[in-house]
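What follows draws every value from the coordinates through simple rules; no lab data is involved. These numbers were taken from a predicted model, which means no experiment stands behind them. When we count neighbours, we look across all protein chains shown, and the Cβ atoms used for this are built from the backbone with ideal geometry, even at glycine.
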Amino acid sequence: MMLQDGSTQLLCLTASSGVPLFTRGASRQLPFSVIGSLNGVHMFGGGQGVVLSCCETEGGGKVVWRVFQESVMLIAVSGGGPGGAGSSSKEEEARLQRLLENVWNCMVLVLGQDELANMRNVERIKRDLRSCFSLIDQLLEERHEGFLGNLTHCADSLLPPNPTLVQEAVDGFAQAADSEFGCLLVHGRIAAATEKWWRLAPQEVVLLSVLMRSLSASGSASCDYPVFLPHGSPTVAHRLLRFHLLPGADVCVLCGPTPSLHRAESGLVGRFWSPLVETLRDCLAVGERCLPASISLRPDMLALLLINRETRRSVSCVRAPTNHPLSGPPLLSKARCWELLKLFYSFSMTRYFSQEETLCVSPEERTQKGNTEDFVLGFTHQPLQCYLVTEECKSFGLQTAQHQLFLVTPPSVPTFALRTAATQTLSDIVTATGF
Amino acid sequence: MADVRPPAPGSVLVSDWHRCKESKEFFNKILHKKMRKNFGLLESPVMPPQVAVDTVHYKIFISGKSGVGKTALAARLAGLSIPNLHYETTGIETSVVYWPVKLKDSGRVLFFRLQLWDCGENALRRFDHLLPSCKEQVDAVLFLFSFTDRTSFDDLSNQIAKWMVPPVSPVVKLVVGTKFDLFMHCDVAERDVKLFQERWRLPLLRVGGEVGDGLGDIAPVLNCLAEQLWHQDCVTAGSAGIHTQETETLL
């Protein structure tokens, strides 16, 4: 059965000597001897020409290893909760692999690749790594409802009611700040971004959104953060300037040495954004639904995730289920709906649909991908639709050349109606917004 | 240019004005449901047209060793939620505080817009461009030390000296001791604090612990800062030959 999100612990060691650099997550840390053994068994495999990447314990726990730049070893350990064992191991492995990749990208984002790849002074790197904890903890907690980017590597987006106006403002603002990379976040989701922003690696777009969300949540007015781009610029830092326009609306640009934060804030923010206050408020009104009010969604839908495979963007929403006074079974909570949507996405992606090739894939990962592809080929065709019926809900997924759609409905919806519901939802949204 | 001697507390602004009844309508503008209101950059407190109030802008840099509580102080002054875990600030983060004050002599009410600039010490060390950016057009510096960390106190003189060297334009300097409530772990003796104050003659404030929902715990810091800033402006304006009403009443 689909499993509850258990707690995950992350270990980081030097790859060459196994010196622990940090551990995060889970309130009870693993004993040092266990950490040593986990590293040891991986090293032993290495000596025999075997790459150990994943294993499962009897209790349904999972351990995933990965070495980055031959310098940093990351290990993720997830405890199998009650009833955690069983068929969900595949999804769990995929989740942990993603987690390690995201954590590494996070470390590069803050410290740059050079410092991580050439560790000269272990004590210094330990101290410097502390700067990454805020972001890493955020990745580990994953309690941030409504954001699936870490999992899908597609940018969580919001479709504003007036896309042209905000697009022009973002373009103009970025240009005035001597930058080609600008992005407007509304409720933590990308409402508009410059063309170049979309050309960043998908992981970078997602990671920058995570960073922006954490900065925005602190309530600060503006920021000047040095960031390395894990794929685009892993050794030279750029400056991420972020401005808190209205509560819930943040704009950012990636730029070089100029302009200074002070100058950009006093000279550009008001000039470009003051005339758009009302437009921004309209965007904020879209809220967690992510779609303009003009699009009506079927009433019997609990959760939806729509991915544009080409642009690597996604919109997702969960409908707060309204309780019928007379209805029998208790309705699912919002949090559970998000969880079910995530699990169904992982289920479909690990079994049927193909994941878009992400940039910079490691050799180990490529072998893994190859295996999945072999499996998919075993069908003699590429599955286009899939569904899953459980006691809690029914789910339907479909993919076209351009899109992937994942839908969760209450069990009361007849199974034969799922396909129609999904095709209709897809065409409704795409026709209305051009997404 | 010689540094401006700090004015005596309460000589420029009405102290404890937030407790007066007449200040209610002004303080209400920075509150929302009894909590502090978070303003976006495109927003500001708006008074009805018949009570037009000027807003004066200032940039304040928070300086201090890693872990003394720079981010926590900024969050507290700005009425933001204080992080319950210590995370390093890996770049510059600014927060904006609106604070209404009443000038003692003229009775004029002003909104101070204080933008606090907070930057992690490690980030400052790793990236050369951050400090100049913090110093650009800065009006005041808050030197922080923690009562629980002796080295942060010992380092103060070094830090302050760096800001005394000309041609740095005059900046208001204020010393803030954080974590004053953790007296069990206090590492800085009152005697040392007194000696320090005699040597530098800078206002020194103590903060810590009590996180009330009210304005009472932050008012002393913000009033002291606003008073110094206003005084400095008046002196600067006076020496440049621009006589405004306020400078005349002050000088």
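Residue by residue through B:81-91, how many Cβ atoms from other chains fall within 10 Å of the Cβ on average?
The per-residue average across the peptide is 6.
Residue by residue, region B:152-162 carries 3J(HN,Hα) couplings of 5, 6, 5, 7, 3, 4, 4, 5, 5, 4, 4 Hz when phi is fed to the Karplus relation 6.51 cos²θ - 1.76 cosθ + 1.60 (θ = phi - 60°); x denotes Gly or Pro.
The residue list B:Ile92, B:Leu41, B:Leu142 was ranked by how far each Cα lies along the charge dipole of chain B toward its positive end, using unit charges on Cβ atoms, and B:Leu41 comes out on top. Taking amide hydrogens as placed 1.01 Å from N in the peptide plane, the amide H of A:Leu158 sits under 5 Å from those of A:Ile190, A:Ala191, each at least 5 positions away in sequence or on another chain.
Restricting the calculation to Cα atoms, every distinct pair contributes to the Kirkwood radius of region A:160-289, found to be 14.5 Å.
Report, for chain A, the % of DSSP beta bridges that are antiparallel, rounded to 5. The partial results should precede the final answer.
Values: 68 of 71 bridges.
Rounded to the nearest five, the antiparallel share is 95 percent.
A quarter of the convex hull surface defined by the alpha-carbon atoms of region A:212-350 gives 12.5 nm² as the mean projection.
Give, to the nearest whole percent, the P(r) tail of the protein assembly as shown beyond 49 angstrom, counting all Cα pairs.
Details: 49748 of 234955 pairs.
Summing the P(r) tail past 49 Å for the protein assembly as shown gives 21 percent.
Database remark: amide H of A:Gly61 closer than 5 angstrom to the amide H of A:Gly80 (H placed geometrically; neighbours at sequence offset of 5 or more, or on other chains; Pro and chain starts carry no H).
The mean sequence distance of close C-alpha pairs (under 8 Å, at least 6 residues apart), as a share of the length of chain A, puts its relative contact order at 12 percent.
Count, for each residue of A:128-135, the Cβ atoms from other chains sitting within 10 Å of its Cβ, then give me the mean as a whole number.
Working: counts 5, 1, 7, 9, 3, 4, 7, 2.
Per-residue shielding by partner chains comes out at 5.
Applying the Kirkwood pairwise sum to the alpha-carbon positions of region B:1-55 produces a hydrodynamic radius of 14.0 angstrom.
Computed over chain A with a Gaussian network model linking Cα atoms closer than 10 Å, the most mobile of A:Gly25, A:Gly60, A:Gly46 is A:Gly46.
Among A:Leu21, A:Leu229, A:Leu74, the largest mean-square fluctuation in a Gaussian network model of chain A, built with springs joining Cα atoms closer than 10 Å, belongs to A:Leu21. Among residues other than A:Leu245 with Cβ under 14 Å from its Cβ, the summed charge is -2 (Lys and Arg +1, Asp and Glu -1).
Shown in residue order for region A:15-31 are the 3J(HN,Hα) couplings computed by the Karplus curve 6.51 cos²θ - 1.76 cosθ + 1.60 at θ = phi - 60°: 6, 6, 10, x, 6, x, 9, 6, 10, 9, x, 6, 5, 9, 6, 5, x Hz (x for Gly and Pro). Where q = 0.13, 0.22 Å⁻¹, what log10 of I(q)/I(0) comes from the Debye formula for region A:245-319, counting one point per Cα? Debye output, listed in q order: -0.61, -1.06.
For a quick check: sort B:Phe127, A:Phe344 by the number of other beta carbons within 10 angstrom, fewest at the front.
Values: B:Phe127 19, A:Phe344 26.
Exposure proxy ranking, most exposed first: B:Phe127, A:Phe344.
From the C-alpha coordinates alone, can you work out the Kirkwood hydrodynamic radius of region B:7-157, in Å? Kirkwood hydrodynamic radius for region B:7-157: 17.2 Å.
Membrane-span-like helices in chain B: DSSP H runs reaching 18 Å or more (Cα, own axis), mean Kyte hydropathy at least 1.0? Don't jump to the answer; show the numbers that get you there.
Values: long enough: B:219-239 (30 Å, 0.24).
Span-like helices in chain B: none at all.
Could you work out the relative contact order of region A:171-221? I mean the mean sequence separation of Cα pairs under 8 Å and 6+ apart, divided by the number of residues, in percent.
Details: 40 pairs, mean separation 13.0, N = 51.
Value for region A:171-221: 25 percent.
Put in order of Cβ neighbour count within 10 Å, fewest first, the listed residues A:Thr409, A:Thr400, A:Thr152 become A:Thr400, A:Thr409, A:Thr152. Set the Cα radius of gyration of region A:8-143 against 2.2 N^0.38 Å, with N its number of residues, and you get 1.02.
If the elastic network links every pair of Cα atoms under 10 Å, which of A:Leu184, A:Leu331, A:Leu304 fluctuates the most in the Gaussian network model of chain A? The residue that fluctuates most here is A:Leu331. Within 10 Å of the Cβ of each residue in A:252-261, the mean number of Cβ atoms contributed by other protein chains is 2. Legend: residue pairs B:Lys59/B:Lys173; B:Lys65/B:Lys179; A:Lys126/B:Lys135; B:Lys24/B:Lys102; B:Lys65/B:Lys135, Cα-Cα distance threshold 19 Å; pairs beyond threshold, A:Lys126/B:Lys135.
Charge tally for A:Cys290 (other residues, Cβ to Cβ under 10 Å; Lys, Arg +1; Asp, Glu -1): 0.
How much mean residue ellipticity at 222 nm does chain B get from its helices, if each DSSP H run of length 4 or more adds -39500 (n - 2.57) and you divide by all residues, to the nearest 500 deg cm²/dmol? Walk me through the intermediate numbers first.
Working: 9 runs with 75 residues, N = 251.
After summing the helix terms and dividing by residue count, I get -8000 deg cm²/dmol.
Please arrange A:Thr194, B:Thr151 by counting, for each residue, the other beta carbons lying within 10 Å of its beta carbon, fewest first. Please report the intermediate quantities before stating the final value.
On the way: A:Thr194 22, B:Thr151 11.
The most exposed by this proxy come first: B:Thr151, A:Thr194.
For A:Phe181, nonlocal amide neighbours, meaning residues 5 or more places apart or on other chains whose placed amide H falls under 5 Å from its own, are A:Leu254.
In deg cm²/dmol and to the nearest 500, what is the mean residue ellipticity at 222 nm of chain A if only DSSP H runs of at least 4 residues count, each as -39500 (n - 2.57), divided by the residue total? The partial results should precede the final answer.
On the way: 14 runs with 162 residues, N = 435.
Roughly -11500 deg cm²/dmol at 222 nm, from the helical runs in chain A.
The spacing between region B:47-83 and region B:176-201, judged by their C-alpha centroids, is 23 Å. When both region A:385-435 and region A:223-252 are represented by their alpha-carbon centers, they are found 36 Å apart.
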